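The values are calculated or read from the model by the stated rules, or taken from the named source; none is laboratory data. Everything numeric in this text was worked out from a predicted model, so none of it was measured. Positions of Cβ are backbone-derived with ideal geometry, glycine not excepted, and every protein chain shown enters the neighbour counts.
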């Protein structure tokens with residue numbers, strides 16, 4: 001049993017190296033895998049020291065650790081099941097609006113993740129000529145223009161008429177993406193499609209419904225096959241954070257008004 005901790009440490013370290021060589025050491029959130037490797041290595045070391053009778057750990061401490069670890073693991077996998085269940089969301093055919101959620105751009109260059117979202121949005125917009133498009137995303141410190149502007153430029157280059165597109169260029173996170181997009185929607189009861197990466201659908205749609213968009217549905221774009229596990233761990237953290245701060249409740253939105 002103690003070698004399971006070593007296996008988990010090796011998996012975390014190996015995946016960190018894979019992500020770092022693929023996307024760079026500055027890639028978002030991948031340092032969590034180093035943290036995981038250190039944590040599991042520490043547990044393995046303590047287990048081995050106990051087995052060799054170098055140290056002795058009180059039974060209450062071991063029991064408490066396993067209860068806490070098991071509870072955290074069950075919570076994590078419960079969230080992941082909900083995320084995975086929504087990853088293959090199929091859009092409704094009668095969406096009056098689609099909201100394209102932004103993600104980081106580099107200078108003026110659209111990243112792979114954002115391009116996939118925009119390709120999905122373009123396909124839907126070309127199949128539904130009357131749908132209105134809200135592109136949502138502000139400008140980061142290392143971005144030369146807002147994500148909304150970059151998305152607008154891409155969509156118009158793909159032949160989508162600019163009059164169909166509304167730009168929301170102030171948001172910096174998912175909750176703001178959706179809250180700041182509301183003024184562009186005349187009737188909150190109509191069908192709203194949320195275009196985002198597949199791992200992000202569960203959280204984005206939950207927040208949208210908390211904002212009063214009760215007919216919101218997900219329009220999932222594919223994710224990077226290498227970084228998907230990193231994204232899904234990060235997303236689980238995002239779900240917990242949004243639950244704690246109240247972004248999943250309708251009451252939280254009303255309190256802001």
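Every test in (1) assigned to a strand (DSSP E or B); (2) at pLDDT below 95 is passed by residue 140 save one, and that test is (1).
A single entry from 74, 82, 48 fulfils the requirement of being in contact (Cβ under 8 Å) with a residue 40 or more places away in the chain and closer than 27 Å to residue 228 by Cα: 82. For segment 2-45, a tally of residues being free of Cβ contacts under 8 Å to residues at least 60 places away in the same chain and on the phi > 0 side of the Ramachandran plot returns 1.
Residues that are over 15 Å from residue 201 (Cβ atoms), in a helix (DSSP H, G or I) and in the same structural domain as residue 232 (by TED's automatic domain parsing): does segment 89-112 have at least one? It would help to see each step written out before you state the result.
First pass over segment 89-112, keeping only residues over 15 Å from residue 201 (Cβ atoms): 93-94, 96-97, 102, 104-112.
Subsequent filtering for residues that are in a helix (DSSP H, G or I) retains 112.
Within this subset, residues satisfying the condition of being in the same structural domain as residue 232 (by TED's automatic domain parsing) are 112.
Yes - at least one qualifying residue is present in segment 89-112.
For segment 224-246, filtering for residues that are surrounded by 20 or more Cβ atoms within 10 Å (Cβ to Cβ) and not in a helix (DSSP H, G or I) leaves 1. Please tell me if residue 54 is in a loop (DSSP other than H, G, I, E, B) and more than 30 Å from residue 122 (Cα to Cα). Answer is yes for this residue.
Does residue 108 qualify as being surrounded by fewer than 21 Cβ atoms within 10 Å (Cβ to Cβ) and closer than 28 Å to residue 186 by Cα? Reasoning before the result, please.
Details: surrounded by fewer than 21 Cβ atoms within 10 Å (Cβ to Cβ): yes; closer than 28 Å to residue 186 by Cα: no.
So residue 108 fails the test.
Any chance segment 21-31 includes a residue that's within 25 Å of the chain's Cα centre (by Cα) and farther than 22 Å from residue 235 by Cβ? Yes, some residue in segment 21-31 is within 25 Å of the chain's Cα centre (by Cα) and farther than 22 Å from residue 235 by Cβ. Out of curiosity, is residue 36 under 30 Å from residue 166 (Cα atoms) and either touching a strand residue (DSSP E or B) at 6+ places or on another chain (Cβ under 7 Å) or buried (at least 16 other Cβ atoms within 10 Å of the Cβ) (or both)? No, not satisfied. Taken together, the residues in segment 153-177 that are assigned to a helix (DSSP H, G or I), out of contact with any strand residue (DSSP E or B) (no Cβ under 7 Å at 6 or more places or on another chain) and surrounded by 18 or more Cβ atoms within 10 Å (Cβ to Cβ) amount to 1. Residues that are assigned to a loop (DSSP other than H, G, I, E, B) and at pLDDT below 95 do not occur anywhere in segment 34-51.
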